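Peer 1: Have a look at this one before I ask anything.
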Amino acid sequence: AGPTLGMDAGGAAAAPPASASSGPVPMDIVPPTSQQYSHLPIRGYKTFETGASEQSLSKIVAKAREFNSTLTTNLTSAEIGPTLDSLCQTLAATSRYRATKVSDAELAAVGKMVRYWDAERCFPALDLARLVAVHPDAASSTREAFWTELVAAALEKCEAGVSGTAAVAVPMLTMRLCANCFKGGAGSLKAVTGQLVSVLKCGENLANSS
């Protein structure tokens, strides 16, 4: 007779089939892909230095002169004329910043426009101030008081509530001015960090505005 179930051809009992291990079966674990960020961690800070060309500066000054003719808190003929022309020549020569100086009279002209001109017409001065802020001599430690007063005045204008072109230009240029103050020098840096709470509050208000 042939072999019965459970026996091999020789009549011996067949060995039971090998059983799988009763322990846990290992699995291939694929670690999650790490999150990739485009801008974090940030390796520097944003600055706004474009516009320091003769052509751009001449347009800024031309607008300032247009407004100056309509205001009672206007600059003197020397301030709106030779003083601003000299400042623009210095700012346009970006490759020579370490070798050039910005005079107290030039800073005073910019400061007068930012402080005393109304919010609707101070934006050319803010545009000029943001470029002055990155000049090493203009932003040096000896000019801290100037920048402290100017940043405070700019923030006040930013929160004044204006319409038309100024409604966009004043807040934008104020934030760009503050950003550039971090780079220019010890004076502008101390001025803006000393008012950092106000700067951030202004930025928050702008972000939440419609």
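Peer 1: Here's a check for you: in the range 193-210, which residue that is under 13 Å from the mean Cα position of the chain (by Cα) and open to solvent by less than 70 Å² (accessible area, probe 1.4 Å) is nearest to Y97 (Cα to Cα)?
Peer 2: Looking at residues that are under 13 Å from the mean Cα position of the chain (by Cα) and open to solvent by less than 70 Å² (accessible area, probe 1.4 Å), I get V199.
Peer 1: Pick from V134, V162: which is of a type in the set (V, I, T) and more than 29 Å from A93 (Cβ to Cβ)? Can you show your working first?
Peer 2: Numbers: V134 fails: more than 29 Å from A93 (Cβ to Cβ).
Residue meeting the stated conditions: V162.
Peer 1: Name the residue, out of T83, T100, that is surrounded by 20 or more Cβ atoms within 10 Å (Cβ to Cβ), of a type in the set (S, T, N, Q) and at pLDDT 95 or above.
Peer 2: Working: T100 fails: surrounded by 20 or more Cβ atoms within 10 Å (Cβ to Cβ).
Result of the check over T83, T100: T83.
Peer 1: In the list L91, L75, L57, which residue meets the criterion of being in contact with a helix residue (DSSP H, G or I) (Cβ under 9 Å, 6 or more places away or on another chain), surrounded by 10 or more Cβ atoms within 10 Å (Cβ to Cβ), under 28 Å from D118 (Cβ atoms) and free of Cβ contacts under 8 Å to residues at least 40 places away in the same chain? Quick ask: steps written out before the conclusion?
Peer 2: On the way: L91 fails: free of Cβ contacts under 8 Å to residues at least 40 places away in the same chain; L57 fails: free of Cβ contacts under 8 Å to residues at least 40 places away in the same chain.
On inspection, the qualifying residue turns out to be L75.
Peer 1: Are there any helices (runs of 4 or more DSSP H) wholly within the range 96-162 with 2 or more residues that are in contact (Cβ under 8 Å) with a residue 60 or more places away in the chain, and if so which?
Peer 2: Where helices (runs of 4 or more DSSP H) fall fully within the range 96-162 and carry at least 2 residues being in contact (Cβ under 8 Å) with a residue 60 or more places away in the chain, they are 123-132.
Peer 1: Here is a further query. Return yes when K157 is surrounded by 15 or more Cβ atoms within 10 Å (Cβ to Cβ) and among the charged types (D, E, K, R) and no when it is not.
Peer 2: yes
The values are calculated or read from the model by the stated rules, or taken from the named source; none is laboratory data. Keep in mind that this is a model prediction, so the values were computed, not measured. Positions of Cβ are generated from backbone atoms using ideal geometry, with glycine treated the same way; all protein chains shown enter the neighbour counts. For accessibility, only protein heavy atoms count, side chains too; no ligands or nucleic acids. Shrake-Rupley method; radii C 1.70, N 1.55, O 1.52, S 1.80 Å.
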